[in-house]
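The values are calculated or read from the model by the stated rules, or taken from the named source; none is laboratory data. Not measured: the values here are computed from a predicted model. Cβ: placed from backbone, ideal geometry, glycine included. Neighbour counts: every protein chain shown.
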């Protein structure tokens, strides 16, 4: 094959050139993103049961739907929240299932359960499209909220226009209340005329509903029949309701007033202290965010002319801004890495040869980009850093082939073409085995499951494609070049004997010194030295227990979050004021350049944050951006202490963003049981026990405080006597609260809800309720206060389920500690609590997720090691070679843990990815070294000379290949990238430690094993001579 490549070099070069050009062209078309798309394996079912308490929602809605879903296969967990008037169920599918089929079955199950739900329940809504790619959030600001609300038509028009942009899947508006036609009925007038609100509702529906009238045919043509539309809502004032006792018509204007207004806002937004409306754009998975943003920018530029001078468009966060900064950093690190690799190659190779070998980098990258699209790999932080990690590794095969060609030229004195072909052919088996081993080590990462697998999947794909390409280049381009170059240069034999490279002579002296002076001394006492090295290396594994363990680190970014939780039951108006004050305080802090504040729930998910605070009147969240001189890690604790002192009644938690996938709260204790009161009591005990654990703060439980409730104590016998139904009573109460939907009004542009209210002009809600009258079965109005009395009480805020069982989560944040640090003490304290029969606890959140991921990574690491050992055993037909390879890998692990400990880097997901990747990288040197020792020894040479000569021949390429891999990773190891830095450190120290000791351990243990085999063989021969019957 290699001979064919060299003979047909023009065809070979043409094919490579075509593939490279196609790869570069495809590189320009690959979608650009921050991180790989992560498709959520969860769906949400929302069911509204108007007016129902959390208890009633639980047994009448949530339990029925949960039991139906539980019949399905492929479901991992079912969690739910039963709140006032709404049930929210989240379903998580198992890993490795056909997600589309699962969601299809889920929709069927939910549809089947609809007839079993109580009357008045709205149809359950299933949302299985929870995965989107964030594009941008921008705010429209003004001096007052009323000014913003006056822009309602304009802002809704913008929403429609933005949704027309290709691949924009949704546009979310926060802070803009729903427009409605409000009919404010005068309760006194209703009683005066003897009219019930139900009569008003029926009259409005009849007057506003127009049935299709069809077509009218004449002899000449067909006419479509239409009625004039009323596009002015105030014309509803002229709607005839009924006739009075005196037979005079009663119009709507006689008993109420029609106006166009807004529903009560459920969110308020501020931008740098000014009222705002927030727009958030999200895209379909796999979309090119950079291209979409260009179209969005054009639309936003055209929007400027649509708004008055007092309104302004302010950018909150644009994904492409971060991508631009990331691209700049990555480009710099890549260029530095390539330059460093080229420099290292030049130390031991001629400059021209170094340049040709370095071509393996762009060629391998181009080919990777060509085929990556078939695996849905986009251009993101993971895929690009995967390339940088491999830069130093991609030249290894070419270095080994080139060195062996030099050996055939200088030692065996062959012609350039013979040396190129036979030199490459000689090392091809070991190179192929080494590449296969490396692909195995990276490849197992492809089988990581769940969200973590989707995040890390570009690495094994890029690695397999790039390393396969680099191997093909080493056995084609390198022999072609060396043949062409040596034939043109017409060098003499003596020229090949001269060491090449800037440090060729020192390299030669060092390798000769070690191989022919130090190694013979080492081989005199191989067992003693070998065991010493092993004991020291195995001892390094103990560093795992004193190193910090954290799956994902805080993000080193200029953005941060501030979570705000007011006292339970507080109004949205109070939360708005609190959020506004905190926003102003944060804006005045040094280094703060932007604050976007949200009252009523979480801010838009711009960063893939793993700790959303949810939606509620007492909740708020701030998005904060600081300048480049300010470190978010430095302000978080200071702000927490100052805000706690300033607002003691609220829980205000500044926090950094976290990289990686959502893993939950660092402290999360799930308490299971049936009785809510008992569960609440246990939760209080748990909170008391763990509050003094070092590092734990902001302890909360998922049930929260009970809500203030106005409970109507109904006189049921009197209701029955007056023919008043419970349905009529509950519906009437809505006139004083959220209103009753009557119909839709067509204003010529949109359909607007028509909602009935009673005495909306009265600001005191209790007074509005007292004024109500309930219609009975005879159409009479029964004053509410005759049949019911209002009493204040407390009610549950929420009832949580997990896998159909009631549960309360006790959660907390950590300061200065990780979940692994605190978990042992937390478990010890929990075991001291005596629980009633049928009640139990388990740990969830970050520690549960981390343990699952670490177990899976450990399993994949074991698989990678076994595959490589099996490959080596098959290649050399020797278990001894497999044992030597295992020693090399174990040494590499020791180096990784030493490096992580010295640099105080966390043992986390990316560090363990580095350890797994290291298995394949270090095995390359071991395989090549064992191959040469075997070749020398099996030619009939003595054992120790064979080992020494093989080390002398292979030491230079081993050092060069390891050095190129190490220097290629140094830019990442010294960078500010907190995600990939531990990975680079793990590989650098593991490779450095392994390379040094491989040159000692492999020769030593090869010698020990060979001597043991030789001794056994000699003993067998002696035994045969002593016992002739064995012959």
Checklist entry - Before we move on, is residue 35 part of a loop (DSSP other than H, G, I, E, B) and without any contact (Cβ under 8 Å) to a residue 40 or more places away in the chain? => result no
Checklist entry - Among the residues of segment 7-26, is there at least one that is in a loop (DSSP other than H, G, I, E, B) and either outside the structural domain of residue 712 (by TED's automatic domain parsing) or at positive phi (or both)? => result yes
Checklist entry - What do you reckon, is residue 56 part of a helix (DSSP H, G or I), without any contact (Cβ under 8 Å) to a residue 24 or more places away in the chain and either under 25 Å from residue 740 (Cβ atoms) or in contact with a helix residue (DSSP H, G or I) (Cβ under 6 Å, 6 or more places away or on another chain) (or both)? => result yes
Checklist entry - Filter segment 261-302 for residues that are in contact with a helix residue (DSSP H, G or I) (Cβ under 9 Å, 6 or more places away or on another chain) and in a loop (DSSP other than H, G, I, E, B); which is surrounded by the most Cβ atoms within 10 Å (Cβ to Cβ)? => result 267
Checklist entry - Pairs under 8 Å by beta carbon, first residue without any contact (Cβ under 8 Å) to a residue 60 or more places away in the chain in segment 985-1013, partner assigned to a helix (DSSP H, G or I) and crowded, with 24+ Cβ neighbours inside 10 Å, six or more apart or different chains? => result none
Next on the checklist: Against the condition in a helix (DSSP H, G or I) and not assigned by TED's automatic domain parsing to the domain that holds residue 52, how does residue 756 come out, does it pass?
Outcome noted: no
Next on the checklist: Here's a check for you: in segment 778-806, which residue that is outside any strand (DSSP E or B) and within 18 Å of residue 767 (Cα to Cα) is farthest from the chain's Cα centre (by Cα)?
Outcome noted: 786
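Taking strands (runs of 3 or more DSSP E) that do not extend beyond segment 610-690, which have at least 1 residues that are touching a helix residue (DSSP H, G or I) at 6+ places or on another chain (Cβ under 9 Å) and without any contact (Cβ under 8 Å) to a residue 60 or more places away in the chain? Step through it out loud before you land on a result.
Details: elements: 615-626, 651-656, 667-672.
Ranges flagged: 615-626.
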Checklist entry - Pick from 667, 663, 686, 635: which is over 27 Å from the mean Cα position of the chain (by Cα) and buried (at least 19 other Cβ atoms within 10 Å of the Cβ)? => result 686
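Going by the conditions given, is residue 564 surrounded by 16 or more Cβ atoms within 10 Å (Cβ to Cβ) and either under 23 Å from the mean Cα position of the chain (by Cα) or free of Cβ contacts under 8 Å to residues at least 12 places away in the same chain (or both)?
No; evaluated as a whole, the condition is false for this residue.
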Item to check | Lone unmet requirement of (1) in contact with a helix residue (DSSP H, G or I) (Cβ under 9 Å, 6 or more places away or on another chain); (2) surrounded by fewer than 17 Cβ atoms within 10 Å (Cβ to Cβ); (3) farther than 30 Å from residue 471 by Cα; (4) modelled with pLDDT under 90 for residue 84 | outcome: (2)
Checklist entry - If you go through segment 899-957 one residue at a time, how many are under 30 Å from residue 818 (Cα atoms) and assigned to a helix (DSSP H, G or I)? => result 15
Item to check | Search result, residues across segment 70-90 that are under 16 Å from residue 615 (Cβ atoms) and over 21 Å from the mean Cα position of the chain (by Cα) | outcome: 80, 81, 82, 83, 84, 85, 86, 87, 88, 89
Item to check | Test result for residue 164, surrounded by fewer than 11 Cβ atoms within 10 Å (Cβ to Cβ), modelled with pLDDT of 90 or more and not assigned by TED's automatic domain parsing to the domain that holds residue 759 | outcome: yes
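Condition check: within 22 Å of residue 540 (Cα to Cα), surrounded by fewer than 20 Cβ atoms within 10 Å (Cβ to Cβ) and in contact (Cβ under 8 Å) with a residue 24 or more places away in the chain. Does residue 902 satisfy that?
Yes: the conditions hold for residue 902.
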Checklist entry - Going through segment 834-869 one residue at a time, which ones are in contact with a strand residue (DSSP E or B) (Cβ under 8 Å, 6 or more places away or on another chain) and assigned to a loop (DSSP other than H, G, I, E, B)? => result 835, 839, 844
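Please pick out the residue among 358, 337 that is in the same structural domain as residue 423 (by TED's automatic domain parsing) and either touching a residue at least 12 places away in the same chain (Cβ under 8 Å) or surrounded by 24 or more Cβ atoms within 10 Å (Cβ to Cβ) (or both).
Every option except 358 fails the conditions.
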Item to check | Criterion (at pLDDT 90 or above and closer than 16 Å to residue 137 by Cα) met by exactly one of 635, 595, 626 | outcome: 595
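In segment 489-514, which residue that is touching a helix residue (DSSP H, G or I) at 6+ places or on another chain (Cβ under 6 Å) and part of a helix (DSSP H, G or I) is modelled with the highest pLDDT?
511
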Checklist entry - Mind checking which residues of segment 999-1031 are at pLDDT below 80 and either closer than 19 Å to residue 516 by Cα or not in a helix (DSSP H, G or I) (or both)? => result 1027, 1031
Next on the checklist: Of everything in segment 105-154, what is crowded, with 16+ Cβ neighbours inside 10 Å, touching a helix residue (DSSP H, G or I) at 6+ places or on another chain (Cβ under 8 Å) and in a loop (DSSP other than H, G, I, E, B)? Give them in sequence order.
Outcome noted: 117, 121, 124, 128, 142
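Let's see how each residue does on (1) crowded, with 20+ Cβ neighbours inside 10 Å; (2) in contact (Cβ under 8 Å) with a residue 40 or more places away in the chain; (3) under 43 Å from the mean Cα position of the chain (by Cα):
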site	(1), (2), (3)
718	no, yes, no
734	no, yes, yes
742	yes, yes, no
756	yes, yes, no
Next on the checklist: Within segment 340-449, considering only helices (runs of 4 or more DSSP H) that don't extend past its boundaries, which have at least 2 residues that are within 30 Å of residue 285 (Cβ to Cβ)?
Outcome noted: 360-372, 381-394, 416-443
Next on the checklist: Which condition from (1) farther than 19 Å from residue 191 by Cβ; (2) out of contact with any helix residue (DSSP H, G or I) (no Cβ under 8 Å at 6 or more places or on another chain); (3) part of a loop (DSSP other than H, G, I, E, B) is the one that residue 749 breaks?
Outcome noted: (2)
Checklist entry - Among the residues of segment 573-584, is any closer than 28 Å to residue 323 by Cβ, outside the structural domain of residue 811 (by TED's automatic domain parsing) and surrounded by 15 or more Cβ atoms within 10 Å (Cβ to Cβ)? => result yes
